[in-house]
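Trainee: One structure follows; several queries about it will come next.
The values are calculated or read from the model by the stated rules, or taken from the named source; none is laboratory data. This structure is a prediction, so every number in the text was calculated from the model and none was measured. Backbone-built Cβ (ideal geometry, glycine too); neighbour counts: all protein chains shown. Keep in mind that these areas ignore ligands, DNA and RNA; they rest on the heavy atoms of the full protein, side chains included. Shrake-Rupley method; radii C 1.70, N 1.55, O 1.52, S 1.80 Å.
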Amino acid sequence: VKAANPHGRNMFQLYVMRQREISYGLVERAAKAGFDTLFFTVDTPVAGARLRDKRNGFSIPPQISLGTVLNAIPRPWWWWDFITTPTLSFASLSSTGGTVGELLNAAMDPSIQFSDLEEIRSIWPGKLVVKGVQNVEDSKKLADLGVDGIILSNHGGRQLDRAPVPFHLVPEVVREVGKDLDVAMDTGIMHGADIVAALAVGAKFTFIGRAYLYGLMAGGEAGVAKAIKILSEQVRRTMQLLQVETIDELGPQHVTQLTRLAPRNLAKDTHVL
């Protein structure tokens, strides 16, 4: 990756495994390769239910099931691709015989805590960002611990269906810690206007996951470029319609949140189901 992107930003996302020497070895490799930022990921200490994976029989390595065969019968080009292309594999994983959720539960360390940041700092010379923050209190604690940034994220909603919506957290978190560290967010970015809205309420920048992956699956490298082009055009058009010329001109006045989607404080709510 560093060789393919020698002059741009290179960031490494760290998942902490039960065998910590594996995770720390990856950190050291990223540092030696010249990566500038480490994302210490805390939103996946254990796997969510991932019912879709179970329903679809998604496993590592992928396996052919009766459902797969039925889906492929009217699509002969699938079989051609299956026969003529190399077996799908992961660079860092060989075989688990289970779903992604089962892999996560077996491999990831659920005991990670704030004190682990000190050990990470001792082996990582670059910027340190914590990804997966989901409340104001943790944001303040991480600011006190001196991290360079946080990413408000609920892992795309795939871990806990009812987790806080990162977009709703951005304004309060930025008010509390925005002067001390960079606040970014992901989750729910489905259109360039979502990026504009996040920036308007205070996020430093946003991440996208599904959009570029859809482009990759549909068209390879060209598909990723197309996804980025679509999002860029949507960002530009949204800003034009808001009559702002630069990102710095965006503010909360440009965003209206639907009240019915806002989280309620149930402790103060007098309504009874």
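Trainee: About the Cα centre of the chain, what is the dipole size in debye to 20, counting +1 per Lys and Arg Cβ and -1 per Asp and Glu Cβ, all else neutral?
Mentor: For this selection, approximately 700 debye.
Trainee: If you build a Gaussian network model of the chain, linking Cα atoms that sit under 10 Å apart, which residue out of LEU216, LEU160, LEU103 swings the most?
Mentor: Residue with maximal mean-square fluctuation among LEU216, LEU160, LEU103: LEU216.
Trainee: Can you give the Kirkwood hydrodynamic radius of segment 1-116 from its Cα pairs, in Å with one decimal?
Mentor: Mean inverse Cα-Cα distance, inverted, gives 17.0 Å.
Trainee: Evaluate 2.2 N^0.38 Å with N set to the residue count of segment 56-200, then give the Cα radius of gyration divided by it.
Mentor: Relative to the rule-of-thumb radius for its length, segment 56-200 sits at 1.40.
Trainee: Still on this model: Using the crude model of +1 on Lys and Arg Cβ and -1 on Asp and Glu Cβ, and no other charge, please compute the dipole size for segment 109-233 relative to its Cα centre, in debye to 20.
Mentor: Roughly 400 debye, rounded to the nearest 20.
Trainee: Leaving out same-chain residues fewer than 8 places away, which lysines sit with a Cα under 26 Å from that of LYS32?
Mentor: LYS2, LYS127, LYS131
Trainee: For the pair ARG52 and ALA72, what calculated FRET efficiency results from E = 1/(1 + (r/R0)^6), where r is the Cβ-Cβ distance and R0 = 22 Å, to the nearest 0.05?
Mentor: Using R0 = 22 Å, I get an efficiency of 0.70.
Trainee: Please identify the trypsin sites (Lys or Arg not before Pro) of segment 154-216 that satisfy two criteria: DSSP loop assignment and at most 10 other Cβ atoms within 10 Å. Which are they?
Mentor: Those satisfying the criteria are ARG162, LYS179.
Trainee: Please give the FRET efficiency for LYS141 paired with GLN13, using the beta carbon to beta carbon distance and R0 = 22 Å, rounded to the nearest 0.05.
Mentor: It comes out at approximately 0.55.
Trainee: Give me the compactness ratio for the chain, meaning the Cα radius of gyration over 2.2 N^0.38 Å.
Mentor: Taking the Cα Rg and dividing by 2.2 N^0.38 Å, one obtains 1.12.
Trainee: Peptides 50-59, 4-13: what's the order by average Cβ count within 10 Å, highest mean first?
Mentor: 50-59, 4-13
Trainee: Is it possible to state the helix-based mean residue ellipticity at 222 nm for the chain, with each DSSP H run of 4+ residues giving -39500 (n - 2.57), the sum divided by total residues, to the nearest 500 deg cm²/dmol? What is it?
Mentor: -12500 deg cm²/dmol
Trainee: Give the accessible surface of the chain per residue, rounded to a whole number of Å², with probe radius 1.4 Å and ligands, DNA and RNA excluded.
Mentor: Computed with neighbouring chains in place, this is 65 Å² per residue.
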